[in-house]
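Structure first, commentary second.
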Amino acid sequence: MNPTLNEMMRGVAPLEQLARTLSLTPAQRLRVRLLHGVVAAWRQWLRRSHRARAKREAFQLELRRHTGLTLRGRHPDLPGLRARSAHALSDDAVAAFEREGVLGPFEVLPPSEAEALAEHLDRWHEPDLTPTSVFPTRIQDVFRRAGTWSLAWSSHFQAHRKRPLWELVTSAPIAHRVASLLGEDVLCWRTQAFPKPPGAPGTFWHQASVFREAAKRPKLAPPPACPPGMAQLTVWVALRDVTMANGALRILPGTFADSRLEALGSYAQDHLLPFLAEVPPERLDAILRVGLYSSGSFGRAQAIFDATLSQLEGLFDDREVRDLTLRAGQAVVFSSLNVHGSYANTTTDQHRLAFAGRYTAGDVAVFPDGPFDN
C-alpha cells in the first residue's frame, strides 16, 4: 500500500477484518456463495466471448476519458467583479484553485452567529423541516426504522424556506468567491446540513461531479465545454468548530484530474456482474459480505471503494491528504470531484455541525430528467 493510501485508511479497519466481524445467517451465507459462483461463471464467459471482450475493451477505452482532467475558471470578466467586491478572488487564488480544487478556510460568519444558526437548525429538525421535507413520509419511515432519520436528511433543499440559511448561502463572502470561479450566472442548486454527533462514523472516501448517487440518472448535465470538476462546487460552512476529533473533512487536492472512481461506481450500478468480474478473486468474498450485509453506509462505501480501487492501480500515487479543521463561521470551497471524506466523531460531547451549499453555473441543466427519477 502506498503512503497516500496508508494515510487515507488511517483509523479504518481493513475490509477483510470488517468482514470477519459480520455474523451472517445461513441464507446470507448461501447468497454470498451463489454470487461467487455467478461471478466465476461470468469470468469464464468473458474469456470465451468475443463480444464480451469487445465490450470490456470499449469500456476500458472510455475510462481513459476520465483521466488528465483540468479545472478552468469560468468567469469572463474577473477585473470587473473585483471592482465591485472585496470578496472576488485574485488571479493567484483562481490559479491555486485550478491546481488543487480547494479554497480556504475563510470567514463567512462571526462564531456567535454560526452557533446561533446551529441552534436554529437543531430546533427546526423535527417540528419544521421534517414535515416539509422533500422525502415523502414513506421514505422517512424507512430511515426511521433504520435509526438514520436526522437533520442531514430533513435539511435537504430547505435554504429557500429559512431566511438565515438563505442569507448564508447567498452572502457576499460565499457568492462572490463562487462567482469568481463559475461566473456571475450562478445557482445554488442544493443545500444540506451535515451533523455528526458524538460517536458518529466518518464519511468514506468518494468523489462526485454530476451527482448520480443512487439514482438512475445524474442530477446535473453540464455543457460539453465545462470541465467535469467545475460542474458544481461545494461550499462547506462550519457552524461549530471542526476538529480532527469531532469529524474534520479530509480531501485529496488535485484528484479532480482523475474521475475514474466515480465512473466505475456508476458503471457498477448498471453492470454489476461485469464490474465484480474484474475484482481479484481473493478480494471478492470480503467485498460481497461487507457490501451486502454491513450495517450503516460506511462499510458499504468501503466495499465499493475497495472493489473499484482493485481495478485502478496507482490511482493516488503522488497525492497528499489534507485535513481541513475549521473554526465556527469558517468555510471552504472545493470541487466535489476531488476525492474527499471525513473522520469519525470520536468525542463524547461535541456535536459537529456544518451547512453546505452546492453551486453550479447557469448553463448546467439541473435535474434534467425531473427532480426524482427513482
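The values are calculated or read from the model by the stated rules, or taken from the named source; none is laboratory data. No experiment lies behind these values; they were computed from the predicted model shown. Virtual Cβ from ideal backbone geometry, glycine too; neighbours counted across all protein chains shown.
Applying the condition of being under 28 Å from ALA95 (Cα atoms) and either touching a Cys at 6+ places or on another chain (Cβ under 9 Å) or among the hydrophobic types (A, V, I, L, M, F, W, C) (or both) to region 159-178 and asking which residue is surrounded by the most Cβ atoms within 10 Å (Cβ to Cβ) yields VAL178. Being at positive phi, buried (at least 18 other Cβ atoms within 10 Å of the Cβ) and small (Gly, Ala, Ser) is a property that GLY329 has.
Select from region 261-285 the residues that are in contact with a Ser or Thr (Cβ under 7 Å, 6 or more places away or on another chain), assigned to a helix (DSSP H, G or I) and not small (Gly, Ala, Ser) and list them in ascending order. Break it down into steps so the answer makes sense when it comes.
First pass over region 261-285, keeping only residues in contact with a Ser or Thr (Cβ under 7 Å, 6 or more places away or on another chain): 261-262, 264-265, 279-280, 283.
Now narrow it down to the ones that are assigned to a helix (DSSP H, G or I): 261-262, 264-265, 283.
Once the filter is applied, which keeps residues that are in contact with a Ser or Thr (Cβ under 7 Å, 6 or more places away or on another chain), assigned to a helix (DSSP H, G or I) and not small (Gly, Ala, Ser), region 261-285 yields LEU261, GLU262, LEU264, ARG283.
How about region 318-374: which of its residues are over 22 Å from ALA179 (Cβ atoms) and in contact with a helix residue (DSSP H, G or I) (Cβ under 7 Å, 6 or more places away or on another chain)? Residues satisfying the conditions are ARG319, GLU320, VAL321, ARG327, ALA328, VAL339, LEU353. A search for C-beta distances below 6 Å between a residue of region 268-286 that is of a type outside the set (A, V, I, L, M, F, W, C) and any residue that is part of a loop (DSSP other than H, G, I, E, B), counting only pairs 6+ apart in sequence or on different chains, returns GLU278/GLN311; PRO280/SER310; ARG283/SER310. Determine if region 183-197 includes at least one residue that is surrounded by fewer than 17 Cβ atoms within 10 Å (Cβ to Cβ), under 21 Å from the mean Cα position of the chain (by Cα), more than 16 Å from TYR359 (Cβ to Cβ) and modelled with pLDDT of 95 or more. The answer is yes, given that some residue of region 183-197 is surrounded by fewer than 17 Cβ atoms within 10 Å (Cβ to Cβ), under 21 Å from the mean Cα position of the chain (by Cα), more than 16 Å from TYR359 (Cβ to Cβ) and modelled with pLDDT of 95 or more. With respect to ARG217, determine if the residue is part of a loop (DSSP other than H, G, I, E, B), among the basic types (Lys, Arg) and modelled with pLDDT under 95. Spelling it out, ARG217 is indeed part of a loop (DSSP other than H, G, I, E, B), among the basic types (Lys, Arg) and modelled with pLDDT under 95.
Quick grid of which residues meet (1) of a type in the set (S, T, N, Q); (2) at pLDDT below 95:
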{"residue": "ARG84", "(1), (2)": "no, yes"}
{"residue": "VAL102", "(1), (2)": "no, no"}
{"residue": "PRO105", "(1), (2)": "no, no"}
{"residue": "LEU117", "(1), (2)": "no, no"}
{"residue": "TRP124", "(1), (2)": "no, yes"}
{"residue": "PRO136", "(1), (2)": "no, yes"}
{"residue": "ASP141", "(1), (2)": "no, yes"}
{"residue": "ARG144", "(1), (2)": "no, yes"}
{"residue": "GLN158", "(1), (2)": "yes, yes"}
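Scoring LEU315 on the criteria (1) surrounded by fewer than 21 Cβ atoms within 10 Å (Cβ to Cβ); (2) within 21 Å of LEU71 (Cβ to Cβ); (3) in contact with a Gly (Cβ under 8 Å, 6 or more places away or on another chain); (4) of a type outside the set (Ser, Thr, Tyr) leaves a single failure, condition (3).
Looking only at residues of region 91-105 that are farther than 17 Å from ALA331 by Cβ and of a type outside the set (A, V, I, L, M), we find that the one that is surrounded by the fewest Cβ atoms within 10 Å (Cβ to Cβ) is ASP92.
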